[in-house]
There are 2 protein chains.
Amino acid sequence: MSIEEFVERASEFYDYPLTLTNLIKWGVDTFPEQEIVYAPPDAPKLRLTFTQVWDRVRRLATALEQLGVKPGDPKRLGTRVGALEWNSHRYLELYYAVPGLGAVLHTVNVRYSPEDIAYTINHAGDEILFVKDEFLPLLQAIIPKLKTVKKVVLMTDKPEPPQVKLPGVEVYNYEDLIRSSSPYDFKDFDERTVATLFYTSGTTGPPKGVFFTHRQLVLHAMAIAISTSAPPYELSVRDVVMPLVPMYHVHAWGGPHAMFLAGQKYVFTGRMDWGYILKTISEEKVTYVYGVPVILYLLLTHPDSPKYDLRGLKYGNGGSAMPEGLYKLARSRGIIVINGYGLSETAPVIAQALFKASTLNWPEDKKENYLMKGLRQIPLTFIRVVDEYGKDVPKDGKTIGEIVVRSPWLTPAYFKDPEKTRELWRGGWLHTGDVAVWDSDGHIWIMDRLKDVIKSGGEWIVSTKLEDIISTHPAVGEVAVIGVPHPKWGERPVAVVVPKPGQRVTEDDIKNYLMKFVEKGEIPKWWVPDKVIISEKELPKTSTAKADKKILRELYKNVLSA
Amino acid sequence: MSIEEFVERASEFYDYPLTLTNLIKWGVDTFPEQEIVYAPPDAPKLRLTFTQVWDRVRRLATALEQLGVKPGDPKRLGTRVGALEWNSHRYLELYYAVPGLGAVLHTVNVRYSPEDIAYTINHAGDEILFVKDEFLPLLQAIIPKLKTVKKVVLMTDKPEPPQVKLPGVEVYNYEDLIRSSSPYDFKDFDERTVATLFYTSGTTGPPKGVFFTHRQLVLHAMAIAISTSAPPYELSVRDVVMPLVPMYHVHAWGGPHAMFLAGQKYVFTGRMDWGYILKTISEEKVTYVYGVPVILYLLLTHPDSPKYDLRGLKYGNGGSAMPEGLYKLARSRGIIVINGYGLSETAPVIAQALFKASTLNWPEDKKENYLMKGLRQIPLTFIRVVDEYGKDVPKDGKTIGEIVVRSPWLTPAYFKDPEKTRELWRGGWLHTGDVAVWDSDGHIWIMDRLKDVIKSGGEWIVSTKLEDIISTHPAVGEVAVIGVPHPKWGERPVAVVVPKPGQRVTEDDIKNYLMKFVEKGEIPKWWVPDKVIISEKELPKTSTAKADKKILRELYKNVLSA
């Protein structure tokens, strides 16, 4: 036998696909006694060991196969199965049972409008929907629009499943399916099979689908298992973790998959109720929570918040920039805030405020600033900051460019949208649409969304920087800075300011206030907005509770040309 | 375009092979300023940053290509390039330059006999050899036997390269090649391309070749980056690591690859000189060293050892079981010893004395025993303990079976040896040849080599357990317990004992001593050896300094039947 033939022949023995099934199997085999807790605000707490979860996953898979779920392969998607659910052990079971069959779990964003929910279910081609009972009214409203759904499986925390009929679909109950099914024997298959699909809102047009393979999700879990055990996270088997991002949102940032690698106890919170979550953090001795900044804000300003000792709790931030005031509030309560960064398109984590040997000894204030705003790429991920021609901008901490990324866990495409895919992946790097500076240490400091940056006379003005400054004015409640078409400069900044209740502020107040920062050298004079609009109404918001600048730009598009 | 076509088309954008090149690139991009230190005993210390190492790797790759190195692919090996070298920055450069071209690095075991070295070079088909100057006499002795070597590249720590002529081969100098070459632009290729090849000694026959792909080495590095950041290791960017296993031995257990993921400073020691290593540990503030037990013994018994404060130093043990006496000696110096396990065939790490949430609170003495002897499978690796039919033995901490393993980084085969490969991989699991017990916590406790276990009347007697006990007798210097053919029981144990210099001990002394342990219930009565041979000569040793039981079995095969 030639060497060549032999190397080839050997492969049948040793190959090991990076599937979610092998991941959970390993976690269960290694930490059979570790527990997950389901603690919803309106039903009794449930504790399950990894072994029990695995048994339920296996039974659920048998039921899914009997419901007609079919596997895919790297070139063909398996059956799409949608889920409308809050964070729960059941969602975790779906995370493994559906992809374990080679099928695709569509994690439906339940915060979307009913129209968008129906759009995404149709676009995904979901054949089966798993629906928590509280979403039944929603489902009943949209069901006439659903084109591919044949079966619905109801989930409930109540002792008795709801009795419901839905036109044109068969209805099942989750716990009945699990009770009546025997454990499935999962088989290995190609790790490049698609495991999950979900939708992300763009600035224009309908939601866009992103999807990930088993291999991608396993490698992402391995990378965050490495990064979150490093300083400043230093998470270990000692920690108890509570995701405060929905499990429909980029697999709760991949945390539950990393749980099985790290052997940590996880707590799932059901529909998020901040008072109950504070109580659960205390009862379950939770040491690490993670979510977007507004979640931290809601926890800290909840009336029950002062009752709880939060010292030592770690908060992993992501989704958008941590406001300085919120950071300081959290620090005053003894919480350790750690910045992170990613997109739906990036599975999501690609950067975190991780230390290096050379930065561990930074002075405290520099470290704090880094934890609040700084970033470093996580293992195997390459982040660059580039100009509009795709060329690296100088690593000087000043020159602004777009963040592009290469990593083993980036969405292959926008689902069924070749045109947007080409735009996303131009030049072979995934374009994040975020603008940032990087410095000689290789750290990344995010500035703004590319679409929100204001291009004035060929130079960039960072809207978030202006917002940060204006928000520190004592009379300002809300602020958004947008680019408005200008006959000479192309675009010029306009600020929209909502005063705090009972307070007054004028355009000149804001401009004079900004001039102080010009004098201190914090911003150039030409960044000062041409116009400050004082609005009595709350700013319009996106589905993720950020100021909706698209609406504001439309509303004020003529204020500088009129 | 159909969904199916689209998923397929997308792949050209997002794919990211798990190659050693992407691994080092990421490390250099993330920790450009981190340093590696080359500290040989007989030349000045050298410090290089990751950036400098990368520049040298790229130049070396250009030179290798010009020397005719050709890439392989998953079905065909690239050019084999051998290396005879101690631990050094140059070895590290070869780790990336050769596989980065799609070629295969053969890490030659320089401790083998000249005959075996020539055998392995011929068997691998090495076309180029990288040779440290001190191995020139060896090379000159074997060169007439080498069938495939066309070129030799000399490496030296001296300011001037040696001037040497070798019959029939072209000779180059390492630093000249690097100086005269421009940096190579590495390309992505299939991660299942073989990267390394090396040989491991069996109990019978010539050394056997094992080999690993890029994918396997990257996944192994990720897994040990996870496990060594977990308790009890808790290594981070704060740590300074010194491998005390040779880099030709299973890639120094994968440590240097994990270095680039973890961003740690590494110290490479050249030819190992224990006094100089102690000095370097102190000078470079090394916090973690790893190697086989005898290395720890040599460090602790070196005349200079008492001069150094070793408190807090961590010692990662592997290769063979940590003797209890040595463990206690290390603890008395404040060293934290952590057990690990693996084989050449397993890349090597598959288990370590890792804690779980449920074991962190064990009493101190139980923890110490676990750190000394216990094991837990590392991420993605499945370890089972099975009987001769491949069935799991009970997890009772008592029933002995063979360790079998499944993991993403196991050698596909013994190189060019289908028969031994089938034996290794029978039943689809890699058979380690080690016997162990496992317990209900899923921990593994290694007992013996399968070939050294004594099978008496259908029951197993663990030779190492008997050796452990006999070694605690105050007059015993060395001991080996072997199975000797017996007409009635098949095999019975025989102990071979070498008294300490100037001491006397008799067969009855040893048997009486063992009976005390029988009375305490530590061993069954039928484990007591039928014969104790008192030998005045040192025991014969293998190339890894263990008692050579193969020779002893041959020597004493008739002592029970005569």
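The values are calculated or read from the model by the stated rules, or taken from the named source; none is laboratory data. All of these numbers come straight from a predicted model, not from anything done at the bench. Neighbour counts run over all protein chains shown; Cβ positions are idealised from the backbone, glycine included. To get the accessible areas, we keep the full protein, side chains included, count just its heavy atoms, and leave off ligands, DNA and RNA. Shrake-Rupley method; radii C 1.70, N 1.55, O 1.52, S 1.80 Å.
Looking at the square roots a ≥ b ≥ c of the eigenvalues of the Cα gyration tensor of the stretch A:416-467, which shape do they give, rounded for a/c under 1.5, prolate if a/b is larger than b/c, or oblate? Oblate.
With 29 Å as the limit, the listed pairs A:K511/A:K546; A:K356/B:K356; A:K265/A:K546; A:K45/B:K356; A:K187/B:K367; A:K45/A:K307 have A:K265/A:K546; A:K187/B:K367 beyond it between alpha carbons. Across peptide A:225-238, the mean count of Cβ atoms from other chains lying within 10 Å of each residue's own Cβ comes to 5.
Rank-order B:497-507, A:499-509 by packing density, defined as the average count of other C-beta atoms within 10 Å over each peptide's residues, highest first.
Numbers: B:497-507: 14.3, A:499-509: 12.5.
Result, highest mean Cβ count within 10 Å first: B:497-507, A:499-509.
In whole angstrom, chain A maps to an equivalent ellipsoid with semi-axes of 41, 27, 25, each derived as √(5λ) from the alpha carbon gyration tensor and ordered largest first.
Counting only other chain Cβ atoms within 10 Å of each residue's Cβ, the peptide A:72-81 averages 3. The Cβ shell under 14 Å around A:K314 holds other residues with a net charge of +3, Lys and Arg each +1, Asp and Glu each -1. Across all C-alpha atoms in the stretch A:454-555, the radius of gyration and Dmax reach 13.1, 40 Å. A Cα-only calculation for the protein assembly as shown places Rg and Dmax at 32.0, 115 Å. Applying 1/(1 + (r/R0)^6) with r as the Cβ-Cβ distance of B:E419 and A:K537 and R0 = 60 angstrom yields a FRET efficiency of 0.15. Charge tally around A:G68: other residues with Cβ under 14 Å, Lys/Arg +1 each, Asp/Glu -1 each, net 0. Between the C-alpha center of the stretch B:259-274 and that of the stretch A:34-87 there is a gap of 45 Å.
With its label point put 7 Å out from Cα toward Cβ, A:G68 sits 6.4 nm from the same residue's point in the other copies, in order from shortest.
With protein chains left intact and a 1.4 Å probe, residues in the protein assembly as shown average 38 Å² of accessible area per residue.
Put a dot 7 Å past the Cα of A:L360, heading toward its Cβ, do the same for A:E33, and the two dots end up 3.2 nm apart.
Simple spin-label estimate for A:S471 and A:E459 gives 2.5 nm between the two label positions (7 Å along the Cα-to-Cβ direction from each Cα). Burial here means at least 40 square angstrom less accessible surface with every protein chain in place than with the chain by itself, probed at 1.4 Å; in the stretch A:20-66 the buried residues are A:W26, A:D29, A:T30, A:E33. Over the residues of chain A, the helix contribution to mean residue ellipticity at 222 nm works out to -9000 deg cm²/dmol, using -39500 (n - 2.57) for each DSSP H run of at least 4.
Among residues other than B:D55 with Cβ under 12 Å from its Cβ, the summed charge is +3 (Lys and Arg +1, Asp and Glu -1).
Of the accessible area of the protein assembly as shown, with the probe set at 1.4 angstrom, what percent is carbon plus sulfur? Kindly include the intermediate steps, with their values, before the conclusion.
Numbers: 22350 of 43230 Å².
In the protein assembly as shown, the share of accessible area belonging to carbon and sulfur is 52 percent.
A Förster radius of 51 Å combined with the Cβ-Cβ distance from A:K511 to B:D439 puts the calculated FRET efficiency at roughly 0.10. Where the centre of each part is set by its Cα atoms, how far does the stretch A:471-525 sit from the stretch B:380-443, in angstrom? One Cα centre to the other: 68 Å. Working from label points 7 Å from Cα in the Cα-to-Cβ sense, the A:R426 to B:E324 distance is 7.1 nm. With 30 Å² as the minimum drop in accessible area between chain alone and full protein complex (1.4 Å probe), the qualifying residues in the stretch B:347-390 are B:K356, B:A357, B:L360, B:R376, B:Q377, B:P379, B:L380, B:F382.
Distances from A:K45 to itself in the other copies, using label points 7 Å out along the Cα-Cβ axis, amount to 5.3 nm in increasing order.
How big is the B/A interface in buried accessible area, both sides summed, 1.4 Å probe, to the nearest 100 Å²? Please list the in-between numbers first.
Values: alone 24950 and 25000 Å², together 43230 Å².
What B and A bury together is about 6700 Å².
Say R0 is 60 Å: what FRET efficiency, to the nearest 0.05, do A:N558 and B:E234 get from their beta-carbon distance? List each step's numbers first, then the result.
Working: r = 60 Å, r/R0 = 1.01.
Plugging the Cβ-Cβ distance into 1/(1 + (r/R0)^6) gives 0.50.
Note on the stretch A:310-339 and the stretch B:99-117: Cα centroid distance 52 Å, given to the nearest whole angstrom.
With all protein chains present and a 1.4 Å probe, how do B:F189, A:F415 order by accessible area, largest first?
Working: B:F189 50, A:F415 5 Å².
Greatest to least solvent exposure: B:F189, A:F415.
For the stretch A:140-150, backbone phi angles converted through the Karplus equation (6.51, -1.76, 1.60; θ = phi - 60°) give residue-by-residue couplings of 4, 5, 9, 4, x, 8, 7, 9, 10, 6, 10 Hz, Gly and Pro being listed as x. Across chain A, the mean sequence separation of Cα contacts (distance under 8 Å, 6 or more residues apart), normalised by length, yields a relative contact order of 10 percent. At a cut-off of 40 Å², which residues of the stretch A:161-207 become less accessible once all protein chains are present than in their chain alone, using a 1.4 Å probe? SASA drop of 40 Å² or more in the stretch A:161-207: A:R192. Stokes-Einstein diffusion for the stretch A:387-445, with the hydrodynamic radius set to the Kirkwood value over Cα pairs and evaluated at 10 °C in a medium of 1.306 mPa s, equals 128 µm²/s.
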